Structures are given as C-alpha cells and as structure tokens.
Protein chains: 2
Amino acid sequence: MLTDMDISQQAKLRPIGWIADDFGLGKHLWREAGHSMAKISLEAAKAPRRGKLVIVTAVTPTLFGEGKTVTTIGLTQGLHLLGHRACACIRQPSLGPVFGVKGGAAGGGYAQVVPMEAMNLHMTGDIHAVASAHNLAAAAIDARLFHETRLGKAAFEAKSGLKALNIDPEQILWRRSVDHNDRALRQIQVGLGDNNGPSHGSGFDITAASELMAILALCDDLNDMRSRIGRVILAMSLDGKAITAEDLGVAGAMTAILRDAIEPTLMQTLSGAPCLVHAGPFANIAHGNSSIIADRIALAHHDFVVTEGGFGSDMGFEKFCNIKTRASGIAPAAAVLVVTLRAVKANATAGDDNLAKLESGFANLRWHMQNVLGYGLPLVVAINRFPDDTEEELDWLKVRCLAEGAFGCEISEAFARGAEGAKALALAVARACDTNSNANANANTNGNANSKASFKPLYSDEMSFGAKLTTLAERYGASGVNLSGQARKDLALIESLGLDGLPLCIAKTPMSISHDPALKGAPGGFELPVVGLRLHAGAGFITVLTGKVMTMPGLGLNPGYLGIDINDKGEIVGLG
Amino acid sequence: MLTDMDISQQAKLRPIGWIADDFGLGKHLWREAGHSMAKISLEAAKAPRRGKLVIVTAVTPTLFGEGKTVTTIGLTQGLHLLGHRACACIRQPSLGPVFGVKGGAAGGGYAQVVPMEAMNLHMTGDIHAVASAHNLAAAAIDARLFHETRLGKAAFEAKSGLKALNIDPEQILWRRSVDHNDRALRQIQVGLGDNNGPSHGSGFDITAASELMAILALCDDLNDMRSRIGRVILAMSLDGKAITAEDLGVAGAMTAILRDAIEPTLMQTLSGAPCLVHAGPFANIAHGNSSIIADRIALAHHDFVVTEGGFGSDMGFEKFCNIKTRASGIAPAAAVLVVTLRAVKANATAGDDNLAKLESGFANLRWHMQNVLGYGLPLVVAINRFPDDTEEELDWLKVRCLAEGAFGCEISEAFARGAEGAKALALAVARACDTNSNANANANTNGNANSKASFKPLYSDEMSFGAKLTTLAERYGASGVNLSGQARKDLALIESLGLDGLPLCIAKTPMSISHDPALKGAPGGFELPVVGLRLHAGAGFITVLTGKVMTMPGLGLNPGYLGIDINDKGEIVGLG
C-alpha cells in the first residue's frame, strides 16, 4: 500500500501560478514561495464575499484523529469535481506532532494538500515567525527588568531616556515559545548565573498556543494585528499595573517580524483545488482555528469554503463558533461532523459485540450532533470509511444519525478515492447550505433568538465570566465548575483590569467531552476543575486551563522522528 | 539624508529571474522564494570552478563595524561595473543584532543587498530552520532521559524496543538555540515541576553559534550534512561514552528540517549584481563565515566571488583561513582589509591630536596587515571613507599601508556612490588576484612551505591541540596560554574520544586582538585565558572559549527594536 508521502511525491503538481489564476488572483496579489506555494496579499480579501463557509468538526477522536483533515480536503475536492468553485482553509501543521507522533497534518491518502512535506515542515515559516516575535517580547521584558534592577529607577531613566516600568519579577506573565514537544521546557528557571537576572520562573509553550498565533488567526489586517500586539500584557508592575508590549516599545518590532506571516499560503490539493494554509493547530490548548484573513480571501473568490476546527466539536468547533465568528462576523452556512466506526466504538462505555459497542458509543456522537445543531446549523454527518468497515454497521450508523436530526449522512471514501469518493458528501453539503437561507448573513454574536440568522454562539458578550463558564461547562455535561485558588487569583487580576468580559478559550483534554480523558461517551454529573486562567488581551479572550491540561506536549516513548530521514536522492522519507 | 532603508525601499529591483538568468542558472536550478529572492539548487555547484575567491576582512572594529559588508557589496558592484562576472557571498543577518543594535547586516548606503528588510528579517527562514533542528535534538535527548529514568533500563528497552542510552543528566552537552539576544536564557534550569525531569542545568546560545549553523556552512551537500549531523555529540553516558544524534535516532529528522536551508538564497545588490546569502554571522563566538556551498555555486559561474569573515582579521578571517578553507579546499586569491580613520583612532593607545592618534592606532592596522600577509595572500587595503575624513589623513594612511607591504590601498566610497565609488578598489583587487598565479589552486591545508600554492593556513592538521592553541595565541601577541580547570577537564574528555586533533574555533571578544576588550592597538605580553572547550564533532572543530566571552548576547539599554514598526502602508520602518 502506498503511504501518504508516496502518494504526495508521485503526484503531478500543477504550477502554483495556475492555481492562483484559477483562484482569480491577479499576478500582483501573490508571490511564489518555495516549492509549489505562494503567499497571498491581503488585498485579495477586498472583493465582496460570495461564498458559503462550511465548518468541519468531529466526534471525540482517538489518539490519531478520525480523518477530519482528510474529509475537509476530500470535501473540497468533491465540490470542485462537481463544478463548484471550492477552496479549503486549514491550519499549518506544528512540528511538535510531526516529530512527536507519526504523520503530518496535510490530510491523507488521495485527499491531501501537496507537497505534503513542504506543508508539514516549516511551509513558508509562519510558525517560526510567531515564535520569533513571541520570544523577542520575552527577551525584551527580561532585558528591561535586568537594566532597571541593575541601575535603579532614577539612573535607568536618566541613562536610557525611557520611563521605568517597575516590572514585578514574580509576575512576568509572558512565557516563551518553541514549535517542538519539549517536556523539559514546561517549567524552567531563567536568569541564573552572574549578572543575568533577576532570576525567575518561566517556561515554554508550544508555538501554536502563543497569543500571537491567535492574533494572527483573528486579526483583520496588519493594522489590527499591530493594535492587538500593542495590547498584549507581558507582566504586571510592582504597583499592580499591566505592562503591555506597547509600554515596552516592542509591539512594532513584533509586528515587523510577522509582516510576511500575515499572508496566507496558497497550496493545492491532489485534485488541483486550492487550499489556503494559515495559523496554527492545537484546538485543545489554543483557539486552534485557521485565520479569518484566509477565510475572507477564499470567500471572496469561491462558492464554497471548507474549514475545520481541531479535535471534537467540544474543542475547535466550539472555539470557531464562540471566538472566531465573534471576531469575523462571518456565520457558517453548514457543519460537517466526521465520524468513524472505530471512534464510535472507542467511545463506548459498555457492550461486548460490535453493535452493542456502537450503540453505547453512539451517545458520544449524539452529544456532538446536538452540540452542533444547538448552534443553529444544518448538519451533515460524514462517515470516514475504513477498509474493514461492514455495510451492516455503516447502515446502522446512517439510520441513527438521520433519526437524530442530521440533514444528511454520507459515507466518505476520500482517503481511498479522492474527489470521487467525496462526491456524495459534497452533494449533501451543497444542499445543506442551500437550506440555510441566511448563510451569507453576518454572525449574530449576541445570541439573540429573534435574529433572522440561523447561526448563534452559545453565549452572549454581555454574560459575566462566571455565566459564560457555567454555560460552557453545562454544555459539556458538567454539574458545576470548581475554581482553584490560583484560578480565583487569576480572575481577580483580570477583573481588576476590567477585562473579565472577554470570550473564553477552554484548554482541556480533547480525548473526552469532559476535562478527564478517562470519561468516555457523553459523561455527565462531573465537576469541571479550573486550575488557572491566562488573560490574552491582544487576542481578545481568556484561556481557561482545566484538569491536567498542559500547554507544552512531550515526546513519547517511540517518537515519530525515529523514522524520518532523507534518502540518497535528497528526498524526505518517513513523514507519514 | 536618506537612511539605508529609504534607499533600499526606493530602489527599482530587477525581477529575481533576471538575476538568476545573468547568473547562468537554468530555470530548473532555482525557485522563487518570497520578495525578490530565490533558493538555488545544489546542482548549480556542479559546473567546474572558474572564478577567484576574494576574502574581505577588517581591522579591530568599533562597536558598529567599519563597513565590511558595505565594502564587500561595493567591491562586487565595482567589479560588476567593470564588466567582470562578479558575485558576493555573505551571511544571513541574525535577528539578535537586528533588534539589539540599530541596523541590519545587508550593507548600507548605495552598497546594499536589497530588499534589505527581507534580508534582515528571516530572509528565507534558514536561521529558524537551524534553531528548529537544534531544538529538536535538545527535546529528544531530554525526552529519552525522561523515559529511561521513569521506566528504568530494562522496562524502557522492553517497552520501546530501543537500546537504553544511559544518559548522564549532569553531562548533557547540547544546549538550546534561539535567534534573539536573550540574556535571561544564558543559564537556566530545565525539567522543573512534577514529572518533567530529571531537572538539569542548561542554557540557550544564539542560533548563529549552533553547531548546526557551522555544519550548514561547512558541508559539501545534503549527504555530507546528514553524516555530520549524525556525528554531533549531544551528551555523555553514565559509562563515559559519547551519545551522538545518530545514537538517538534523530539525525535524519534534523537533516529533513534543514533540507531547504541547505540551498543558498539568491538576492541582488543595488547595482543588480548577484549576491548569495547563506549561513550565519557571529565570527566571535562561531566560525562565522558564509557557506562553502554558496562559494562553490558562485565560483562555478563568476570570475570574481567576494566573501567576508566577521569582525577583524583575528576573528572571521582567521576562521576562514584555518577552518573554512580546510573544509573546502578552495584557497582565496586575494584579501581586502577594510579600515576607517575612525577605527584606527579608536585603536590608539596614545596621542592627543588626530595624526598622533592615527600613528598610535596604526599599530592595530599593521598587525592585521601582517596577519593577512602571513597567510600568503596579496592584500588590498580599502579605506572606507566617511564624510568628514580629511585628505591629509587619508593620504597619510595610504602611504603607510603601501609601505607595510599592501599590494594596493584604495579609498572606497561605495556607501555614498555605490559601484562607481568602488571602481578604484575593484581595479586594484582584480590586479591583486592576477599577481597570485596559484589563485585557482586548492588550499594547502597542511602548511607545507614547499607547496606551489601561495596561501597556507596558520597551523597544520598534525599539530597537537596545545601546539595549535599556542600558535594562535602567539599570533594574537600572547606570551602564553592559561587553561582553566574546566578547560583541562573538557580537554581530557575530548582526548578520551580521540578528537583533540580537530582545528580550533576561538571564541573571544572581537573588540581587541587579545581576549580583553580593554586592550587596544596591538597588545602583547598577555596570557590568553581559556575558560572552557566545546567539542563540535559534526562541524569538525573544537570551540575554545576565552576571557569573558558569552555565546548568548544581551539586549542593551536602548535596544534597536524600540525604533522598528510598520507604517500605515504596511511597510517596515526604522530598520537601519
């Protein structure tokens, strides 16, 4: 059997200029960037919106995902095959998973973005740029602390001509960033040795979880990015004031580092349909959606734009609905929920034989369907077929999904058959979008039930922090919320800054609808433990850390890097 | 007066495809990469060598450099203006200095590589790729230590199917890497907190000082890079064995990360001459020369290839002669020594008026001239003229340089007048190359005086570590060498591995010929204090840390980032 990489490397790629032409981009709107990629100018977003946005999500996944990106790319290929102008908008893979677990994030089989090794390894360098801007701010705050401490306030101000910031070394809120799974960097002590301090505790998060990654994904344009970066809070002063990147004078330089990263990267699918790749993954610990800028560029030139949120509908989809649409004002026209027989069974809490396991695990799928339907969206369930799936089980699942209120339920064979294998799904999704008469309406971000738009977020801007959190927790099935001492302290700080009205970005395990990966199915009656909060004033949300979630993964016992190498032709091997 | 950035932004660039055409590269040998840049295939190095290599160096610089890159680019422009096929080969700027001190490293005035903001900010991402490969190895060794410690040797081997490495947590030799001036990361403790350890001391070096940067600069091709990375020593085992990237199984993945970085980036000078940009700076703490691959590609297609080594001739030039030519086998045809009246005066140790200061400071210039001449190279001194330099002083300097044995001494006005201002220098350099009948010969790396090649390194491969170090120290003017206890311990380890025969890469201040920045002029009689050694088995040299040198810079009181921003047209401002 061919690997994903074999299929990618054997593919006959179209010149990226042809893809850009088909996209409708004049030559002034793009520039070639490495192997079969192009950076797209933000000017390309200025044409009026013409397309419908489809959001792809999934049931609670097993460890390796259930083929959400395969389905996103396959669906785009299917719509393209049907003659629609269709474009996928997905996130740049992180090197953490690429080298941590086997495989990349460019789809798979005959539903891939190609060349997959270019997409999986750096692409056009956006994630590195985010880390670089992030770490410049970290270096800058520590350097300022060093100089102010060394000289004292008066001498510092006299010598530098700058106003002292009086940084509290115990309250440097800005950690550092690297795009690898590096467990040893989760918690570190910096500024040790002679004349490198003051020393203080710190740590690295994986770059996808950087606030700057969220800003890249949520901003409107370069000016908006500049303003948002200026608002980023790096530390607290000894007298309790927030110290922003603007206060430190580093916001302009950080934006300069990101000037190229703000442009989405155009690539192609195996069927030659376009794909814009932009912003980062990790919908468990970050907001984890691709960028608003990419969506706008794609929607200005296509009838259908297919995007995805990471993990299950409790994770990336929830953040898509409650964070991304709030910032973009663009309501989706329909949702696709990806499921596999394997995942339904993996979510079973009882049952000995296959059908009993399906029946038990169906509770999880039902929860995700109801979750999606609750946002007012027409829903198509896509069953991502695996070779040994039986017709009996597939039929059983289809009947149940339709009975639960799905607009449609189609089997996707995009992995094995590419566009052709996603044709039925594409037809169903196109029809679902048509039923949604307000698909092109702006998102109603205040959850007003009288709005004509069918889509509505789960909570309104006006709700208090506690009400928003409780609403989210109850949707997961929790009976209540339990804030740790640290979380209460964090909340008090956020309240003192008057920023407790921001939307919430829940960081939790993706392996359960709850905070506890051991709770399968559709758990209920648990208490959601909130262990800490992180204020992201520039991104415009509060991250809520729950359970044992960590913002830096670690490498496992048999990390993916073991199999990766170059061959004697200089080609990369072993990448999925 | 126009800033460097104004000049760069006002320049009318030629399409990079035209530059590649003039270079002589078929379309299959390059691919466009972002704004006016192209990545060049290594196949382009396969044509026979036709050109002469000119190495540009300088006197002991003041803090902001004396215009070495201005002269390198200006000379290339001048040779190009004279109708020669000429190409510059220089290093990618590090973001550390870009944001630390005002200004980039793309030259200046009318002798620049353009667009300067693209070159100064990420370029094509090579430095980020080096940091990423470096940090993958760091994450991998800590993860292996974590799993072997947590499970114990037997269980680790049974569960993973891998052989235990028995890493000594006190002897993890591989630090981490970031391309910023981040003082707080010089010395850190990693692996703190629950279940993230074993905790141990570590630190970050600026990426230019990564062994992988040296490998990028010194390797022949992708296979050689792969072999060298495999030899990189990451840690020692509890039973005293070296643990390499190959042992850890991470060398292939590290090479895959660098697969695009191995290709030099083609840019253009303001006069439209080509420039290959490749590998990193910091000739004080790294070997700090541009790549052998870029030189080979340029030499295969041009009559003159102009490259530079960082700081004074005691730093980058010395490493060019003793490390780079040893690896490449390519002897330079001539050397250019850049000097300014300001730098000569700054090196004065006595004198009240200008001429007396020049006379005193000339001792430094004389040392650098003798140093260069000692390698058997014809030498042209280039006086980089500043607006308020007087004719009297310039004439004085010229007479003295010719009397000291320079083949020529010319005033360069490349900053103010571009190619036209470097014409006299270009003529002199071309003539100097012609005097060197063996310019195209291979370097004689064993210092055999009977060789026909005029160029010879300072020491031979066969000399012992101590003899090499003493030879270098004596050339600096030292009366002896003093190894610290740590350095002796490091040497014993290197000897135990049988690798003490490698060439030396001296890390020292660039602000004096000695190890002490306070010793101006041409100091003598001091003892060179060696504080530690670092073995770089993959790069193929031993780094010798002297004095108070640090492998991670810090941000100053008024860091360069303060002035950098984007304007309302989305252009970067304040970058030099």
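The values are calculated or read from the model by the stated rules, or taken from the named source; none is laboratory data. All values derive from a computational prediction rather than experimental measurement. Methodologically, a virtual Cβ is constructed for each residue, glycine included, from the backbone with ideal geometry; neighbour enumeration extends over all protein chains shown.
Annotations
- Selection within segment A:265-292 - within 14 Å of chain B (Cβ to nearest Cβ) and in contact with a Cys (Cβ under 8 Å, 6 or more places away or on another chain): A:Leu266
- Top-ranked residue in segment A:25-50 [being within 23 Å of A:Gly74 (Cα to Cα) and modelled with pLDDT under 95; ranked as farthest from the other protein chains (Cβ to nearest Cβ)]: A:Arg50
- Figure legend. Inter-residue proximity from segment A:106-131: first residues of a type in the set (Ser, Thr, Tyr), second residues in a helix (DSSP H, G or I), beta-carbon distance below 7 Å, spacing 6+ or different chains. Indicated pairs: A:Tyr110/A:Ile7; A:Tyr110/A:Ala414; A:Tyr110/A:Phe415; A:Tyr110/A:Ala416; A:Tyr110/A:Arg417; A:Tyr110/A:Gly418.
- Some residue of segment B:454-466 being at pLDDT below 95 and not hydrophobic (A, V, I, L, M, F, W, C): yes
- Checklist (1) among the hydrophobic types (A, V, I, L, M, F, W, C); (2) at the interface with another protein chain (Cβ under 10 Å from one of its Cβ atoms); (3) within 17 Å of the chain's Cα centre (by Cα) applied to B:Ala139, failing item: (3)
- Any hit, segment A:527-539, residues being outside the structural domain of A:Gly351 (by TED's automatic domain parsing), of a type in the set (Gly, Ala, Ser) and out of contact with any helix residue (DSSP H, G or I) (no Cβ under 7 Å at 6 or more places or on another chain): no
- Pairs, first more than 7 Å from chain A (Cβ to nearest Cβ) in segment B:179-200, second surrounded by fewer than 22 Cβ atoms within 10 Å (Cβ to Cβ) and aliphatic (A, V, I, L, M), C-beta under 6 Å, six or more apart: B:Ser199/B:Leu192
- Test: A:Gly576 is at pLDDT below 95, assigned to a loop (DSSP other than H, G, I, E, B), more than 8 Å from chain B (Cβ to nearest Cβ) and more than 18 Å from A:Glu318 (Cα to Cα): yes
- Top-ranked residue in segment A:470-493 [being of a type in the set (Ser, Thr, Tyr) and touching a Phe, Trp or Tyr at 6+ places or on another chain (Cβ under 8 Å); ranked as surrounded by the most Cβ atoms within 10 Å (Cβ to Cβ)]: A:Thr471
- Among the residues making up segment A:485-508, those that are without any contact (Cβ under 8 Å) to a residue 24 or more places away in the chain and either more than 23 Å from A:Ser460 (Cβ to Cβ) or part of a strand (DSSP E or B) (or both) are A:Gly485, A:Arg488, A:Lys489, A:Ala492.
- In segment A:539-573, the residues that are touching a Leu at 6+ places or on another chain (Cβ under 8 Å), in a loop (DSSP other than H, G, I, E, B) and buried (at least 23 other Cβ atoms within 10 Å of the Cβ): A:Ala539, A:Met552, A:Ile564
- Candidates are the residues of segment A:419-439 that are in a loop (DSSP other than H, G, I, E, B) and surrounded by fewer than 17 Cβ atoms within 10 Å (Cβ to Cβ); the one that is modelled with the lowest pLDDT is A:Asn438.
- Subset of segment B:154-178 (residues that are in contact (Cβ under 8 Å) with a residue 60 or more places away in the chain and facing chain A (nearest Cβ under 8 Å)): B:Leu162
- Residue that is modelled with the highest pLDDT, among those in segment A:5-15 that are of a type in the set (A, V, I, L, M) and in a helix (DSSP H, G or I): A:Ile7
- Number of the condition not met by A:Thr62 [criteria: (1) within 15 Å of A:Pro264 (Cα to Cα); (2) touching a Lys or Arg at 6+ places or on another chain (Cβ under 7 Å)]: (1)
- Residue within segment A:121-134 that is within 14 Å of another protein chain (Cβ to nearest Cβ), assigned to a loop (DSSP other than H, G, I, E, B) and either farther than 20 Å from A:Ser290 by Cα or in contact with a Lys or Arg (Cβ under 8 Å, 6 or more places away or on another chain) (or both) present: yes
- Residue in segment B:277-292 that is of a type outside the set (Ser, Thr, Tyr), over 17 Å from the mean Cα position of the chain (by Cα) and within 23 Å of B:Arg534 (Cβ to Cβ) present: no
- Residue match in segment A:209-231 (condition: under 18 Å from the mean Cα position of the chain (by Cα), facing another protein chain (nearest Cβ under 7 Å) and crowded, with 21+ Cβ neighbours inside 10 Å): no
- Top-ranked residue of segment B:560-573 - restricted to ones that are more than 7 Å from chain A (Cβ to nearest Cβ) and touching a Gly at 6+ places or on another chain (Cβ under 7 Å), ranked as farthest from B:Val98 (Cα to Cα): B:Gly563
- Unmet requirement for B:Glu308, which otherwise passes all of (1) within 14 Å of another protein chain (Cβ to nearest Cβ); (2) within 14 Å of the chain's Cα centre (by Cα): (1)
- Among the conditions (1) over 18 Å from the mean Cα position of the chain (by Cα); (2) farther than 17 Å from A:Val306 by Cβ; (3) away from chain B (no Cβ under 14 Å), the only one that A:Tyr110 does not satisfy is (2).
- Helices (runs of 4 or more DSSP H) (entirely within segment A:236-334) containing at least 3 residues that are surrounded by 24 or more Cβ atoms within 10 Å (Cβ to Cβ) and modelled with pLDDT of 95 or more: A:251-257, A:292-299
- Residues of segment A:344-380 classified as among the hydrophobic types (A, V, I, L, M, F, W, C) and surrounded by fewer than 23 Cβ atoms within 10 Å (Cβ to Cβ), total: 8
To keep it simple, each residue is scored yes or no on (1) assigned by TED's automatic domain parsing to the domain that holds A:Thr269; (2) buried (at least 23 other Cβ atoms within 10 Å of the Cβ); (3) under 25 Å from A:Ala331 (Cβ atoms); (4) among the hydroxyl-bearing types (Ser, Thr, Tyr).
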| residue | (1), (2), (3), (4) |
| --- | --- |
| A:Ala20 | yes, no, no, no |
| A:Glu43 | yes, no, yes, no |
| A:Lys46 | yes, no, yes, no |
| A:Arg50 | yes, no, yes, no |
| A:Thr62 | yes, no, no, yes |
| A:Gly67 | yes, yes, no, no |
| A:Ala86 | yes, yes, yes, no |
| A:Val101 | yes, no, no, no |
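- When segment B:167-196 is filtered for residues that are assigned to a loop (DSSP other than H, G, I, E, B) and surrounded by 21 or more Cβ atoms within 10 Å (Cβ to Cβ), the ones remaining, listed by number, are B:Trp174, B:Arg175, B:Asp179, B:His180, B:Asn181, B:Asp182, B:Arg186, B:Gln187, B:Gly191, B:Asn196.
- Listed by position, the helices (runs of 4 or more DSSP H) inside segment A:16-105 whose residues that are farther than 30 Å from B:Ala38 by Cα and not acidic (Asp, Glu) number at least 3 are A:68-81.
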